[in-house]
Amino acid sequence: MNSNRIALITGATSGIGEATACILAANNFKLILAGRRSDRLEKLTDELCQVTEVISLSFDVRDRSQTAHSIGSLQGEWKNIDVLVNNAGNAHGLAPIQTGEVEDWDAMIDINVKGLLYVSKQVIPGMIERRAGHIINIGSIAGKEVYPNGNVYCASKSAVDALTKGMRMDLNPFGIKVTGIHPGMVETEFSLVRFKGDAERAKAVYQGLTPLYAEDIADVILFAVTRLSHVVIADMVVLPTAQASATVLKREG
Ligand code: NDP
Ligand code: 8X3
């Protein structure tokens, strides 16, 4: 079922994307790794080449023509993407709407929403032609619930949730599976990016509780992409045990 399928993973240079690359490689997927940081892409490609066939594409999902050019440059069998993991994304800032930075808003809408659309636009036609494929969109608990100061990030992930449902409907005639995976708190570079490199503030997010780790979400992604062909995991919210909702957390100490 999972032998030699080709998966394109965006945001493969760290966190959930990198962990997903590792687990899919170990499960016989061939990989196309994407992200902006080419040094990390090269390093991961070298590592995973020992396990499976891997190529990488370095592009910024905010740039529509770069995205089209990069994915359009795939040759031969690499054009036949079976699984697309739309994972690239981040939060930028955590501020009330009245003081939020417009640059942060642009980044979140451009990467989390428009970037996901630009990548999907390149991959969907081949899936339609082959009447097969699986798109995994990484949303967030923030797309299911709004929390104070989360405003635009929550809106961007709410858009991912809506797009996931819309894709599932529109691609239904072609036998294409669409899955939304919505993690709660996962300890990655996410908070470091959100707080613009402030390591102390980022560390405090996970203080006093056991968060999810990138491998936990990768595990769920593997589960979703290895169901039988008549089964689609439509939607999953995955939280650490210490988290009951976007705002209810059990911290020790
Ligand atoms: P990381 O910061 O570790 O990873 C983010 C990835 O996105 C990086 O590989 C980065 O690669 C890529 N990326 C960011 N901007 C761009 C861009 N403009 N073009 C191309 N790639 C880009 O965070 P996570 O692994 O935690 O995040 C992965 C996804 O999971 C995101 O969509 C995030 O919103 C979501 N999520 C995370 C949660 C968490 O608590 N960590 C919870 C819920 C959802 P590069 O910089 O090399 O381009
Ligand atoms: C990341 C989880 O709660 O920080 O999407 O928004 S949260």
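Read-outs throughout are calculated quantities, based only on the coordinates presented, and are distinct from any laboratory measurement. Being a predicted model, the structure only gives us computed values, none of them experimental. Don't worry about glycine lacking a Cβ; one is built from the backbone with ideal geometry, like all the others, and counts go over all protein chains shown.
Observations
- Measure of compaction for the range 107-247 (Cα Rg per 2.2 N^0.38 Å): 1.11
- Unsatisfied cross-links (Cα-Cα over 25 Å) in the set Lys30/Lys157; Lys43/Lys177; Lys157/Lys177; Lys30/Lys165: Lys30/Lys157; Lys43/Lys177; Lys30/Lys165
- Approximate shape of the range 55-105 as ellipsoid semi-axes (Cα gyration tensor, √5λ), whole Å, largest first: 33, 12, 7
- Candidate aspartates and glutamates for bridging to Lys144, where Cα separation is under 18 Å - those fewer than 8 sequence places away on the same chain excluded: Asp161, Asp235
- Kirkwood Rh in Å, taken over all unlike Cα pairs in the range 186-225: 11.1
- Estimated dipole of the range 111-217 in Debye, rounded to 20 [Cβ of Lys and Arg +1, of Asp and Glu -1, Cα centre]: 400
- For the range 1-85, alpha-carbon Rg over 2.2 N^0.38 Å: 0.99
- For Val54, nonlocal amide neighbours, meaning residues 5 or more places apart or on other chains whose placed amide H falls under 5 Å from its own, are Leu31.
- Taking Cα centre as origin and charging only the Cβ of basic (Lys, Arg, +1) and acidic (Asp, Glu, -1) residues, the dipole magnitude of the chain rounds to 600 debye.
- Mean separation of Cα contacts under 8 Å, 6 or more apart, over the residue count of the range 96-247: relative contact order %: 25
- Scaled against 2.2 N^0.38 Å for its residue count N, the alpha carbon radius of gyration of the chain is 0.97.
- Charge dipole of the range 1-114 (Cα centre as origin; +1 on each Lys and Arg Cβ, -1 on each Asp and Glu Cβ, all else neutral): 300 debye, rounded to the nearest 20.
- Listed values for the range 116-125 are Karplus-derived 3J(HN,Hα) couplings in whole Hz (6.51 cos²θ - 1.76 cosθ + 1.60, θ = phi - 60°), namely 4, 5, 4, 5, 4, 4, 7, 9, 4, x, and x replaces Gly and Pro.
- Peptides 198-208, 22-32, 56-66 ranked from most to least packed by the mean count of surrounding Cβ atoms within 10 Å: 22-32, 56-66, 198-208.
- Mean Cβ count within 10 Å, highest first, over the residues of peptides 171-184, 42-55, 239-252: 171-184, 42-55, 239-252
- Per-residue HN-Hα couplings for the range 58-66 [Karplus 6.51, -1.76, 1.60; θ = phi - 60°; Hz; x = Gly/Pro]: 9, 7, 9, 5, 6, 9, 4, 6, 5
- With contributions of -39500 (n - 2.57) from each DSSP H run of at least four residues, the per-residue ellipticity at 222 nm computed over the chain stands at -11500 deg cm²/dmol.
- Among Cys22, Ala88, Ser38 the positive-end extreme of the charge dipole of the range 1-110 (Cβ point charges): Cys22
- Whole-Hz ³J(HN,Hα) from phi, Karplus 6.51 cos²θ - 1.76 cosθ + 1.60, for the range 161-169, glycine and proline x: 4, 5, 5, 4, 5, x, 4, 4, 5
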